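First comes the structure, then the notes that go with it.
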Amino acid sequence: DSGVTQTPKHLITATGQRVTLRCSPRSGDLSVYWYQQSLDQGLQFLIHYYNGEERAKGNILERFSAQQFPDLHSELNLSSLELGDSALYFCASSDEASGLTDTQYFGPGTRLTVL
Amino acid sequence: DQQVKQNSPSLSVQEGRISILNCDYTNSMFDYFLWYKKYPAEGPTFLISISSIKDKNEDGRFTVFLNKSAKHLSLHIVPSQPGDSAVYFCAASAWRSGTYKYIFGTGTRLKVLA
């Protein structure tokens, strides 16, 4: 158990809908990262927040947005969902800001299925 | 454009032997590399990393080698154990313009046979 929690575990929705994925980092960790793992593209870094501020952005679509709240939990919002958004979404946390050299602890993931 | 490539989708190794997982990258701006292990139904777990100023980093049974001229890194697991059976991802990162890029390979599934 990494100490990172993600809810929900599974989510099934329809195209065009909007969903929110939630992540609680390990106690004391200020950084939260979001990743997408799809069948054909492997693991992709989406975005990194540190203490409420956006730190780095990867291949995150404009239909997706994220935020980190004062209590350090984070939410990833996915809107106008398409079939291709079906994937595993992982959240990770670390206690540092750099992202590059930090040891990240991953949550178990949220499996999103768009029908 | 896949900037980080793991060309072997799968690898089978006998228990006790060496496992060698390979990763190639195309962009010389990457200066930090990481390996993650992932079991089914779990998130990835950080394994080992290496900075571009080094060519080798060792942690117990795991050693990562970096060949900058060939833009190639490899993960050696010696001796391999059945519990090492998992998907292994390499990742490369670099600072650029006040932020960073962080690119993963597509993974190699390692199966260690008892």
Original post:
Tell me, which strands (runs of 3 or more DSSP E) wholly within the range B:1-85 include 2 or more residues that are under 30 Å from A:L39 (Cβ atoms)?
Top reply: B:10-14, B:19-25, B:32-38, B:45-51, B:62-67, B:72-77
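Listed here are the residues, each with its yes/no results for (1) within 10 Å of chain B (Cβ to nearest Cβ); (2) surrounded by 21 or more Cβ atoms within 10 Å (Cβ to Cβ); (3) of a type in the set (S, T, N, Q); (4) closer than 20 Å to B:A91 by Cβ.
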position	(1), (2), (3), (4)
A:V4	yes, yes, no, yes
A:G16	no, no, no, no
A:V19	no, no, no, no
A:P25	no, yes, no, yes
A:L30	no, no, no, no
A:S38	no, no, yes, yes
A:G84	no, no, no, no
Original post:
Applying the selection to the range B:86-114, what residues are touching a residue at least 24 places away in the same chain (Cβ under 8 Å), among the hydroxyl-bearing types (S, T, Y) and assigned to a strand (DSSP E or B)?
Top reply: B:Y88, B:S93, B:T108
**OP:** Could you name every one of the strands (runs of 3 or more DSSP E) located completely within the range A:7-115 that has at least 1 residues being modelled with pLDDT of 95 or more, under 19 Å from B:A41 (Cβ atoms) and acidic (D, E)?
**Re:** none
Subject >> Filter result (surrounded by fewer than 19 Cβ atoms within 10 Å (Cβ to Cβ) and more than 9 Å from chain A (Cβ to nearest Cβ)) within the range B:25-46 >> reply: B:T26, B:N27, B:S28, B:M29, B:Y39, B:P40
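The values are calculated or read from the model by the stated rules, or taken from the named source; none is laboratory data. Because the structure is predicted, anything quoted here is derived from the model rather than measured. Please note: Cβ atoms are built from the backbone with ideal geometry, for glycine as well, and neighbour counts cover all protein chains shown.
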